[in-house]
Number of protein chains: 2
Amino acid sequence: MSDLLERLRARGWRMTSQRRVVAEVLAGEHVHLTADEVHARAVERLPEIARATVYNTLGELVALGEVVELSMDGRAKRYDPNAHRAHQHLVCSNCGLIRDVRPSGDPLAVLPSTERFGFAVSKADVVYRGLCPGCARAR
Amino acid sequence: MSDLLERLRARGWRMTSQRRVVAEVLAGEHVHLTADEVHARAVERLPEIARATVYNTLGELVALGEVVELSMDGRAKRYDPNAHRAHQHLVCSNCGLIRDVRPSGDPLAVLPSTERFGFAVSKADVVYRGLCPGCARAR
DNA sequence: TTCTTGACTTGGACAACGTCCATCGTAGGA
DNA sequence: TCCTACGATGGACGTTGTCCAAGTCAAGAA
């Protein structure tokens, strides 16, 4: 977490109280928050922080590669602070719970060149879907 | 395309001119349209069709499994009429072009049970990302 | 064919999420 | 300490999608 602040400062990121709070909120809980959830938690520490500032800061963190943006369904984007470790996501089809998972092997390997249509393919984002233990039990 | 209309009728779907036009628009072009694009094309054939009707109809087609809904980035959802053939998507990181692709093997196979955390995992949605030939050339 | 009825459509208000912009404030170097 | 360019503010605005009450119509019954 202060790792994150260190890295940002080293990159010449101008440090403001707002940016610090947003970074701390993200690093503090290893869940996948929406922008408004980040804003709600940030407001607890810095009451007058603006929604636009949270959006701006999240966008910058994504551009810097420090945070991964997830657009799961048609709902609000979620922000994943676990950007330093390659992983995919496992999502409950019922309640929306998200877990980080690490498949074995490279997901890109299963896409033959005949199926790449001349694209320079550089990554694969995988969303595994199913029922989480809680929702499966409730059925 | 009339395949689609046949299947829908066989399932007891009440056939209206609006539903017919939406289904025809989807089946007619094998691209991935947004709801508003579907509406725009539908209006050319049936000037007074309402936006809400297009949304309703698309939602029903998705529920029936005749169309796949894609939430790529944070933008509008796209609708893929190619639901009868299992496939994944290849997306240009620059221009957003989408192609259907068929990876070899089952993407679920690479997720070990120790990484499933008790979920009953039933499917994997994969988005391969990279530059399409046109965008790669323009760089 | 006409009647009947419940499913479908309409259009406009509303809501969620996100962006933009003019103005104000301040971090950090001189 | 002072300057100034970069960041923050907050409210208007845009896009995408949902909801609802009232009107319309497809399709089976007679």
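What relative contact order, as a whole-number percentage, does chain A give when Cα pairs under 8 Å and 6 or more residues apart are counted?
On the way: 147 pairs, mean separation 25.4, N = 139.
18 percent.
Alpha carbon centre of the stretch A:120-139 versus the stretch B:74-139: separation in Å?
13 Å
What's the angle, to the nearest 10 degrees (0 to 90), between helix B:35-45's Cα axis and the longest principal axis of chain B?
It works out to around 30 degrees.
If I take the Cα coordinates of the stretch B:2-80 and project them onto the principal axes, what are the three extents in Å, biggest first?
Computed over the stretch B:2-80, the largest-to-smallest principal extents equal 35, 27, 21 Å.
From a point 7 Å beyond the Cα of B:Ala109 in the direction of its Cβ, which residues of the stretch A:97-139 have a backbone N at a distance under 12 Å?
A:110-111
Could you tell me the accessible area of A:Lys123 in Å² (1.4 Å probe, neighbours in place), rounded to the nearest ten?
Per-residue accessible area (A:Lys123): approximately 100 Å².
Using the Cα gyration tensor of chain A, with a ≥ b ≥ c the square roots of its eigenvalues, what is the shape: rounded (a/c below 1.5), prolate (a/b larger than b/c) or oblate (neither)? It would help to have the intermediate numbers written out before the result.
On the way: a/c = 2.31, a/b = 1.37, b/c = 1.68.
Here chain A falls in the oblate category.
Using a 1.4 Å probe, what is the accessible area per residue for the stretch A:88-137, in Å²? If you can, show how the numbers build up before the last one.
On the way: 2420 Å² over 50 residues.
Heavy-atom SASA per residue in the stretch A:88-137 reads 48 Å².
Once you charge only the Cβ atoms, +1 for Lys and Arg and -1 for Asp and Glu, what is the size of the charge dipole of the stretch A:2-80 about its Cα centre, to the nearest 20 debye?
Details: 12 positive and 13 negative charges, 57 e Å.
Rounded to the nearest 20 debye, it is 280 debye.
A:Ala10 to A:Asn56: extension gain in nm, 0.36 nm per residue of separation minus the Cα-Cα distance?
14.6 nm
Report, as an integer, the average count of C-beta atoms from other chains found within 10 Å of each Cβ along A:80-89.
Values: counts 0, 0, 0, 0, 0, 0, 0, 1, 6, 0.
The mean count of partner-chain Cβ atoms within 10 Å per residue comes to 1.
Answer with one residue from B:Leu58, B:Ala83, B:Leu97: the one whose Cα lies farthest towards the positive end of the charge dipole of the stretch B:33-101, charges on Cβ with Lys, Arg +1 and Asp, Glu -1.
Farthest towards the positive pole: B:Leu97.
Of the trypsin sites (Lys or Arg not before Pro) in the stretch A:1-72, which ones lie in a loop per DSSP and count no more than 15 other C-beta atoms within 10 Å? Let's see the in-between values first.
Details: sites: A:Arg7, A:Arg9, A:Arg11, A:Arg14, A:Arg19, A:Arg20, A:Arg41, A:Arg45, A:Arg51; in loops: A:Arg11, A:Arg14.
Listed in order of number, the matching sites are A:Arg11, A:Arg14.
What is the helix-to-structure angle for B:51-63, meaning the angle in degrees between its Cα long axis and the longest Cα principal axis of chain B, kept from 0 to 90 and rounded to the nearest 10?
On a 0 to 90 degree scale, this one is about 50.
Can you tell me which of A:Ala86, A:Ala109, A:Ala50 moves the most in a GNM of chain A? Springs connect C-alpha atoms under 10 Å apart.
A:Ala109
What does the buried accessible surface come to for A and B, summed over both chains, with the probe at 1.4 Å? Round to 100 Å². Walk me through the numbers on the way to the answer.
Values: alone 9220 and 9180 Å², together 15370 Å².
It comes to approximately 3000 Å² buried between A and B.
Counting other Cβ atoms within 10 Å, keep those with at most 13, restrict to DSSP loop, and tell me which GluC sites (Glu not before Pro) in the stretch A:38-73 are left. Let's see the in-between values first.
Values: sites: A:Glu44, A:Glu48, A:Glu60, A:Glu66, A:Glu69; in loops: A:Glu48, A:Glu66.
For GluC sites (Glu not before Pro) across the stretch A:38-73 that sit outside H, G, I, E and B with at most 13 neighbouring Cβ atoms in 10 Å, the list reads A:Glu48.
Please report, for B:Ala10, the nm distances (one decimal) from its label point, 7 Å out from Cα along the beta-carbon direction, to the equivalent points in the remaining copies, shortest first.
6.2
For B:Gly28, place a label point 7 Å from Cα along the Cα-to-Cβ direction in every copy; what are the distances to the other copies, in nm, shortest first?
5.4
Could you pull out every one of the aspartates and glutamates with an alpha carbon less than 13 Å from that of A:Lys77, ignoring same-chain neighbours closer than 8 positions?
Filter leaves A:Asp36, A:Glu37, A:Glu69, B:Asp73.
Tell me the angle of helix B:17-28 to the major Cα principal axis of chain B, expressed in degrees between 0 and 90 and rounded to the nearest ten.
The helix B:17-28 is inclined about 40 degrees to chain B.
What nm distances, shortest first, do you get from the label point of B:His84 to those in the other copies when the point sits 7 angstrom along Cα to Cβ?
Those separations, rounded to one decimal, come out as 5.1 nm.
The values are calculated or read from the model by the stated rules, or taken from the named source; none is laboratory data. Please read all numbers here as calculations on a predicted model, not as lab measurements. A quick note on method: Cβ atoms are made from the backbone with ideal geometry, for glycine too, and the neighbour counts reach across all protein chains shown. For accessibility, only protein heavy atoms count, side chains too; no ligands or nucleic acids. Shrake-Rupley method; radii C 1.70, N 1.55, O 1.52, S 1.80 Å.
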